[in-house]
Amino acid sequence: MPFTRPLFAAALSMFPLAASADVPINVVTWGGDFTAAQKVAFADPFTAETGVRVNLIDADSVGAVIKAQVAAGNVTTDVASLGQADAERLCDVGLAEPIDPALIVAGADGTAAADDFLPGGLSDCFVATDVYSTVIGYDARAMGAARPTSITDFFDLQKFPGRRGVLKEPRFTLEMALMGDGVPPDQVYDVMRTPEGLDRAFAKLDSIRDQIVWWEAGAQPVQLLADAEVAMTMSYNGRLFAAKVEDARPFEILWDGQVYEVEGWMIPKGAPQKDAALKFVAWSTAPEPLARAAEQLSYGPPRASSQALVGMYKDGKTPMAPHLPTAPENLKSALAIDVNFWADNDVELIERFGTWLAAAPAKP
């Protein structure tokens, strides 16, 4: 994918590099396939264009690393990869450098960056790089002729009998319960902000509770499907895609009612290579690099103009665009996680969810 547009070239000249190109920038990220995708899509091409080396450093908890470094007055991280909620929290308490949205280049079609990003993808201290979602997965062969078409089918044990894999935490689970009870995506958080709405969500979970198999780690729901332990399961879309394409599993994704979250870059307060970090953030969040990242891993680009640029998966034979959370058809009934709602209510709802779990009857 060539980088020839004038708008994109502008990202390379926007900032003077205070440090020598011989001094690398340190980017702390999540590891595994995620880091591998960032290396191919962002780090290596950025170095080729600018001469600035990028060290990708894996961490189990990126937010904790940033907090510890800033608190100790020994910041060695220049850019960090974080979920939007964590990035906004760090920004709110003064642990992140501001990122002027005007520094982010326009869309591939000339659309202003602020209008090209999904909501929440561009803020004072955060620029989104990818979108992942929690979806419903099922084994097509096990389903036979009948296939689920709506999030309501996940909660219909008569039409689709069998156990259900459910994430053992309130986030995503309560939202899906309400959509499974007929609440439109754009009304979910209004409903959740009322006592009656929360009662409704838990009541919907009650309707399937004796058929629930709980999972906590991302690899578990795919294994539950593979072992025929569940008929359907909540899962992260990337895990299901990898099982289908890499492992040739007959798994399908039900996109209706997906709950998505954006991840992206923030710059820690006191980053030693701040100018180079800003340049990297602007460069890597232009439409073309974001599209290239989506070709490596089935996380969608957070910019509308990037979606149209997505080509083939890295296997060279699978068109990637339809498999992304951000495909227009997949976004029709999608819900963006409300980070402000969870910032205000997570402690209370984690406690209530735990109490509900403890009261649940043992499975037969």
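Ser333 meets each of the listed conditions (1) crowded, with 22+ Cβ neighbours inside 10 Å; (2) part of a loop (DSSP other than H, G, I, E, B); (3) in contact with an Asp or Glu (Cβ under 6 Å, 6 or more places away or on another chain) apart from (1). Has segment 119-126 got at least one residue that is open to solvent by 10 Å² or more (accessible area, probe 1.4 Å) and out of contact with any Asp or Glu (no Cβ under 9 Å at 6 or more places or on another chain)? Yes. Any residue at all in segment 267-285 that's surrounded by fewer than 22 Cβ atoms within 10 Å (Cβ to Cβ) and in contact with a helix residue (DSSP H, G or I) (Cβ under 6 Å, 6 or more places away or on another chain)? Yes.
Glu169 fulfils the conditions (1) touching a residue at least 40 places away in the same chain (Cβ under 8 Å); (2) of a type in the set (Asp, Glu); (3) open to solvent by less than 60 Å² (accessible area, probe 1.4 Å) except for a single criterion, (3). Of the set (1) under 24 Å from Tyr260 (Cβ atoms); (2) of a type in the set (A, V, I, L, M, F, W, C); (3) touching a helix residue (DSSP H, G or I) at 6+ places or on another chain (Cβ under 8 Å); (4) buried (at least 20 other Cβ atoms within 10 Å of the Cβ), all apply to Val40 but (4).
In the set (1) in contact (Cβ under 8 Å) with a residue 40 or more places away in the chain; (2) farther than 18 Å from Thr29 by Cβ; (3) assigned to a helix (DSSP H, G or I), Gln69 fails one condition alone, (2).
Among the residues of segment 149-165, those that are open to solvent by less than 50 Å² (accessible area, probe 1.4 Å) and either of a type in the set (Ser, Thr, Tyr) or within 13 Å of Leu225 (Cβ to Cβ) (or both) comprise Ser150, Gly162, Arg164, Gly165.
Considering only residues in segment 296-317 that are closer than 18 Å to Gly32 by Cα and of a type outside the set (Lys, Arg), the one that is farthest from the chain's Cα centre (by Cα) turns out to be Asp315.
Step by step: first the residues of segment 179-215, then only those that are hydroxyl-bearing (Ser, Thr, Tyr) and surrounded by fewer than 18 Cβ atoms within 10 Å (Cβ to Cβ), then the one that is nearest to Phe160 (Cα to Cα). Which residue is that?
Taking the candidates together, the pick is Ser207.
The rows are residues; the columns are (1) among the hydrophobic types (A, V, I, L, M, F, W, C); (2) more than 18 Å from Ala291 (Cβ to Cβ); (3) open to solvent by 40 Å² or more (accessible area, probe 1.4 Å).
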| residue | (1), (2), (3) |
| --- | --- |
| Val105 | yes, no, no |
| Val131 | yes, no, no |
| Val135 | yes, yes, no |
| Asp139 | no, yes, no |
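The values are calculated or read from the model by the stated rules, or taken from the named source; none is laboratory data. Since we're looking at a predicted model, the values are computed, not measured. A quick note on method: Cβ atoms are made from the backbone with ideal geometry, for glycine too, and the neighbour counts reach across all protein chains shown. These accessible areas exclude ligands, DNA and RNA; they are computed on the full protein's heavy atoms, side chains included. Shrake-Rupley method; radii C 1.70, N 1.55, O 1.52, S 1.80 Å.
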